[in-house]
Structure formats: structure tokens, C-alpha cells
Amino acid sequence: MKALGTGHSQGVLWRDVEVVRHAGPPQLKFHGGAARRLAAIGGASSLLTITHSDKVALAQVLILGR
């Protein structure tokens with residue numbers, strides 16, 4: 001949501017961003033308001049990296065243009 005530039009606003013909701021993994025690195029799927037915002041900013045895809053320990057979790061997202 002931060003990578004889209006909206007945070008939790010402008011019609012972008014938590015349920016609009018999904019993390020999926022199919023025999024490779026995790027990827028994001030955008031739905032609803034997040035998909036509309038991605039298109040509005042000229043985004044075509046994204047890159048996601050996730051890491052965690054027993055005390056900290058971290059994710060980084062890059063939005064890639066067309």
C-alpha cells in the first residue's frame with residue numbers, strides 16, 4: 001500500500017493486496033482499489049522480498065512500470 005503511494009486510503013484496502021507463491025519467489029496480486037491504483041500510476045508488475053526472524057518481519061516492494 002505504501003509502494004502504491006496511498007497507504008490505507010483512496011479506496012485501497014488490506015484485502016486488495018495478496019501475497020501468492022507458486023514454486024518460486026513470493027509475488028503480489030492486486031485486486032479492487034489496489035489494481036486501479038497500480039494502473040493509474042503506470043505500474044505493470046511488482047517485486048516483493050520478505051524476511052523474518054522470531055522477533056521481526058520485513059517486506060520490501062518495488063512497483064515496476066511498463
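Quick look at the values:
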quantity	calculated
Residue among L62, L48, L38, L58 that is surrounded by fewer than 11 Cβ atoms within 10 Å (Cβ to Cβ) and not in a loop (DSSP other than H, G, I, E, B)	L58
Exclusive hit being in a loop (DSSP other than H, G, I, E, B), within 19 Å of G65 (Cα to Cα), in contact (Cβ under 8 Å) with a residue 12 or more places away in the chain and open to solvent by 60 Å² or more (accessible area, probe 1.4 Å), set K29, K2	K2
Verdict on R15 being open to solvent by less than 90 Å² (accessible area, probe 1.4 Å) and among the charged types (D, E, K, R)	no
Residue within region 5-12 that is modelled with pLDDT of 95 or more and of a type in the set (A, V, I, L, M, F, W, C) present	no
Output for region 5-26, where each listed residue is under 20 Å from R66 (Cβ atoms) and part of a strand (DSSP E or B)	V17
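The values are calculated or read from the model by the stated rules, or taken from the named source; none is laboratory data. Note that this is a predicted model, so its numbers are computed, not measured. Reconstructed Cβ throughout: ideal geometry from the backbone, glycine too, with neighbour counts over all protein chains shown. Accessible surface areas use protein heavy atoms only, side chains included; no ligands, DNA or RNA. Shrake-Rupley method; radii C 1.70, N 1.55, O 1.52, S 1.80 Å.
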